[in-house]
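Asks: Encoded as structure tokens, here's the structure I'll be asking about.
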Amino acid sequence: MTVALNPRIRVREAVPADAEAITNILNDAFSANPMQQLMYPNGVSDESRSKSAARLFLPIPPSEGETFMVVAELLPEGSEGPCEIVAFSDWCLFRNPRAEEEWNVQEVPRTQEQLGEDCDVQVFNDFIGGLHRKRREHMKGHPGLVLSTLVCQTNRQRLGAGKALLHWGTTLADELGLPLFLESSPTAYNLYKQFGFEDIDVFDLPIFDLFGASKRQGQDWGEYTALELAGPPAKGCFRSTIMRRPAKST
């Protein structure tokens, strides 16, 4: 696939000094997401932002993969002026097969202390934990690259930052001859389709029954995603689509 990239968008690996900017983009990008609104019904506090930023660059055990955090910067129009971080992606690489005792493990739920006092821990663990469970079911212990997060600042959309980050990841996967996995929100679904991702499963969380959530006007709960694979979600469910981009044939 040939992707036309915006020459004013530059992609690089993130550094700890980027943590605040990344956290701000995460909160901005997810502010209209129904699951984010359920997880943080009163908004994201400074405490939760601080905890989120502090977790970004923590080391992870080798069994949990090799992490790459990548940002997209918007270059100034002229030769002067600072670059602006406008999008962020988080990737996890498994280069080698893993034994079942390494990958088939129950995830430890996050605590209130870890997430911040304003977070609804049950919603977080039911949603994020459910997505991670689906990922394990489909990846098993096979090598592959996982896109954990891709977000763009809302007032900097349609500049090609998301495409540039996806191009970075698909290029890495193709160079290594590995498949790519992700869990798509309804809003990102069509972008991933453009990059060759295929539907392999859905995660329909019954948020009306579990949390009494009602759909707000204009919200997308995934009613039109993965219809060929799974049909429409049941009423009151929020759909995430599990997607896979096959390894590039050599």
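Asks: So, A17, is that one open to solvent by 80 Å² or more (accessible area, probe 1.4 Å), part of a helix (DSSP H, G or I) and modelled with pLDDT of 90 or more or not?
Replies: yes
Asks: Would you say F88 is open to solvent by 40 Å² or more (accessible area, probe 1.4 Å), in contact (Cβ under 8 Å) with a residue 60 or more places away in the chain, within 19 Å of L182 (Cα to Cα) and under 20 Å from the mean Cα position of the chain (by Cα)?
Replies: The answer is no for F88.
Asks: Of all residues in segment 203-222, how many are open to solvent by 50 Å² or more (accessible area, probe 1.4 Å) and in a loop (DSSP other than H, G, I, E, B)?
Replies: Residues in segment 203-222 being open to solvent by 50 Å² or more (accessible area, probe 1.4 Å) and in a loop (DSSP other than H, G, I, E, B): 7 in total.
Asks: Which residue is modelled with the highest pLDDT, if the candidates are limited to segment 112-140 and must be part of a loop (DSSP other than H, G, I, E, B) and open to solvent by less than 10 Å² (accessible area, probe 1.4 Å)?
Replies: Of everything passing the filter in segment 112-140, C119 is modelled with the highest pLDDT.
Asks: Residue check: is G218 modelled with pLDDT under 95 and not β-branched (V, I, T)?
Replies: Judged against the criteria, G218 is a match.
Asks: Moving on to the next point. Within segment 156-184, restricting attention to residues that are free of Cβ contacts under 8 Å to residues at least 12 places away in the same chain and part of a helix (DSSP H, G or I), which residue is surrounded by the fewest Cβ atoms within 10 Å (Cβ to Cβ)?
Replies: Across segment 156-184, the extreme among qualifying residues is E175.
Asks: Just the residues that are closer than 21 Å to Q157 by Cα and of a type in the set (F, W, Y), please, taken from segment 198-234.
Replies: W221
Asks: Taking segment 225-250, which residues are open to solvent by less than 90 Å² (accessible area, probe 1.4 Å), among the polar types (S, T, N, Q) and assigned to a loop (DSSP other than H, G, I, E, B)?
Replies: T225
The values are calculated or read from the model by the stated rules, or taken from the named source; none is laboratory data. If you're wondering where the values come from, they're calculated on a predicted model, not measured in any experiment. Cβ coordinates were reconstructed from backbone atoms using ideal geometry, including for glycine residues, and neighbour counts include every protein chain displayed. These accessible areas exclude ligands, DNA and RNA; they are computed on the full protein's heavy atoms, side chains included. Shrake-Rupley method; radii C 1.70, N 1.55, O 1.52, S 1.80 Å.
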